[in-house]
Amino acid sequence: MAVDKQYAADVASILAHKNDHGADLWTTPDKRLIKGSPFSTLESVMYLLELGMDPSEQILKDAAALIFSTWQEDGRFKLSPQGSMYPCQTINAMNVLCHLGYASDVRLQKTFTYLLKIQHLDGGWRCNKFSYGRGPETAYSNPFPTLMALNAFRFSEVF
């Protein structure tokens, strides 16, 4: 593993948490990939990439396979087997996979197409999770999912 020496302890710390939720790769036995912040599957993969870990490392390949295992034929990702599928979760999974080098994968191309179909009139995306209410202020796109989607779209060669 070729990571700068200054980040080796950080990488080791993240890797030390990979079984904290009862299964491998920062997930739970029932494959909830977004459980356990700050060490969920999606967050931990991004941390490792940001610290300089190469996407060709086996642990990142395994994490990519795990994330793709939640991909649905319509392009969405079901990151929690018992939960709903929100656009922000699909966007987050897509963004991680793009950073891992999978932007040209046929499955992600379907995800890009799906997201373009649900893009709001204001140009962005929203989570559609109503934990903050249902007032007129929730009718617009959310900054974080929009920024994550735009970040992922920059990897796409098609759009």
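The values are calculated or read from the model by the stated rules, or taken from the named source; none is laboratory data. All of these numbers come straight from a predicted model, not from anything done at the bench. Note that we place each Cβ from the backbone using ideal geometry, even for glycine, and neighbour counts take in every protein chain shown. Each accessible area value is taken on the protein alone, full model and side chains, heavy atoms only, with ligands, DNA and RNA left out. Shrake-Rupley method; radii C 1.70, N 1.55, O 1.52, S 1.80 Å.
Per residue of the stretch 53-62, what does 6.51 cos²θ - 1.76 cosθ + 1.60 with θ = phi - 60° give for ³J(HN,Hα)? Whole Hz please, x for Gly and Pro, Karplus curve as stated.
Once rounded to whole Hz, the list reads 5, 6, x, 7, 4, 4, 4, 6, 5, 5.
Please name which of L100, S141, T90 has its Cα lying farthest along the dipole of the chain towards the positive end, using unit charges on Cβ (Lys, Arg +1; Asp, Glu -1) and the Cα centre as origin.
The one lying farthest along the dipole's positive direction is S141.
On a straight-distance basis, which lysines could pair with K35 in a cross-link, Cα separation under 23 angstrom, same-chain partners fewer than 8 positions away excluded?
Hits, sequence-local ones excluded: K18, K61, K78, K129.
Let me know the charge dipole size of the chain about its Cα centre in debye, to the nearest 20, where only the beta-carbon of Lys, Arg (+1) and Asp, Glu (-1) is charged. Kindly include the intermediate steps, with their values, before the conclusion.
Working: 15 positive and 16 negative charges, 110 e Å.
Its charge dipole is roughly 520 debye.
Can you tell me the accessible area per residue over the chain, all protein chains present, probe 1.4 angstrom, in square angstrom? Write down the numbers at each step before the final one.
Numbers: 8520 Å² over 159 residues.
Ligands and nucleic acids excluded, the figure is 54 Å² per residue.
Gaussian network model of the chain, Cα springs within a sub-10 Å range: biggest mean-square fluctuation belongs to which of V11, V45, V106?
Highest fluctuation of the listed residues: V106.
Carbon-plus-sulfur fraction of the accessible area of the stretch 9-113, 1.4 Å probe, in percent?
Details: 2270 of 4430 Å².
Heavy-atom surface of the stretch 9-113 belonging to carbon and sulfur, 1.4 Å probe: 51 percent.
Which one, L48, L121, L79, has the greatest fluctuation when you compute a Gaussian network model over the chain with C-alpha springs under 10 angstrom?
Evaluated over the chain, the most mobile residue of the options is L121.
Order the peptides 53-59, 149-155 from the highest to the lowest mean number of other Cβ atoms within 10 Å of their residues. Intermediate values should be presented prior to the final figure.
Details: 53-59: 13.9, 149-155: 17.6.
For the peptides 53-59, 149-155, the packing ranking is 149-155, 53-59.
Over the chain, what is the relative contact order in percent, taking alpha-carbon pairs closer than 8 angstrom and at least six residues apart?
Values: 204 pairs, mean separation 28.0, N = 159.
Averaging sequence separation for qualifying contacts and normalising by length gives 18 percent for the chain.
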